[in-house]
1. Take each of the peptides 81-87, 62-68, average the number of other beta-carbon atoms within 10 Å over its residues, and list them starting from the highest.
2. What percentage of all Cα-Cα pairs in the chain are separated by more than 19 Å?
3. Over 14 Å apart: what share of the alpha carbon pairs of region 1-54 falls there, rounded to a whole percent?
4. Calculate one ³J(HN,Hα) per residue across region 38-51 by plugging θ = phi - 60° into the Karplus curve 6.51 cos²θ - 1.76 cosθ + 1.60, and present them in order as whole Hz with x for glycine and proline.
5. If you place +1 on the Cβ of every Lys and Arg and -1 on the Cβ of every Asp and Glu, how big does the dipole about the Cα centre of the chain come out, in debye to the nearest 20?
6. May I ask for the angle, rounded to the nearest 10°, between helix 81-93 and the longest principal axis of the chain, with both axes built from Cα atoms and the value confined to 0 to 90°?
7. Taking amide H positions as placed 1.01 Å from N in the peptide plane, with prolines and chain starts having none, which residues 5 or more places from residue 61, or on another chain, fall under 5 Å of its amide H?
8. In Å, what Rg and Dmax follow from the Cα atoms of region 51-96?
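Please treat every number below as a calculation from the coordinates, not as lab data. Fair warning: this is a prediction, and the values are worked out from it, not measured in the lab. When we count neighbours, we look across all protein chains shown, and the Cβ atoms used for this are built from the backbone with ideal geometry, even at glycine.
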Amino acid sequence: MGAAEPLLVLPEGSRLLLPEVAFKFSESTPRIPAANLLQGALVYHGQGRVAVFGETAMFTAQVAGPARRPMGMNMPEARDNSRFALNLLHWLTRVL
């Protein structure tokens with residue numbers, strides 16, 4: 001397998017939160033620096049291609065909680081997520 005090519009790199013100032021229970025955060029939730037960690041990478045393997053992501057909500061269209069808060073592709077601030085997903089699929093399948 002070839003070396004991974006970074007696709008999404010977390011910027012300076014990013015923090016990784018490590019809750020004991022998923023999605024349960026408080027002031028005492030451990031935090032570690034996350035700058036320069038990869039959120040996504042691309043790899044060539046033999047004649048194929050592989051895309052790896054650390055979190056995939058950006059590829060979904062969700063609503064959360066009783067207020068049905070938009071998440072993923074439903075977020076107005078994430079209007080480019082669907083284009084990104086389509087471009088990624090084109091790269092994976094070699095469609096130009």
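1. On the way: 81-87: 13.9, 62-68: 9.4.
Averaged packing, sorted descending, gives the order 81-87, 62-68.
2. So the portion of pairs separated by more than 19 Å is 58 percent.
3. 62
4. Values, residue by residue: 8, 9, x, 8, 10, 9, 8, 9, x, 9, x, 10, 10, 10 Hz.
5. On the way: 9 positive and 7 negative charges, 56 e Å.
So the dipole magnitude of the chain works out to roughly 260 debye.
6. It works out to around 30 degrees.
7. Answer set, sorted by chain and number: 73.
8. For region 51-96, the Cα-based Rg and Dmax read 12.4, 41 Å.
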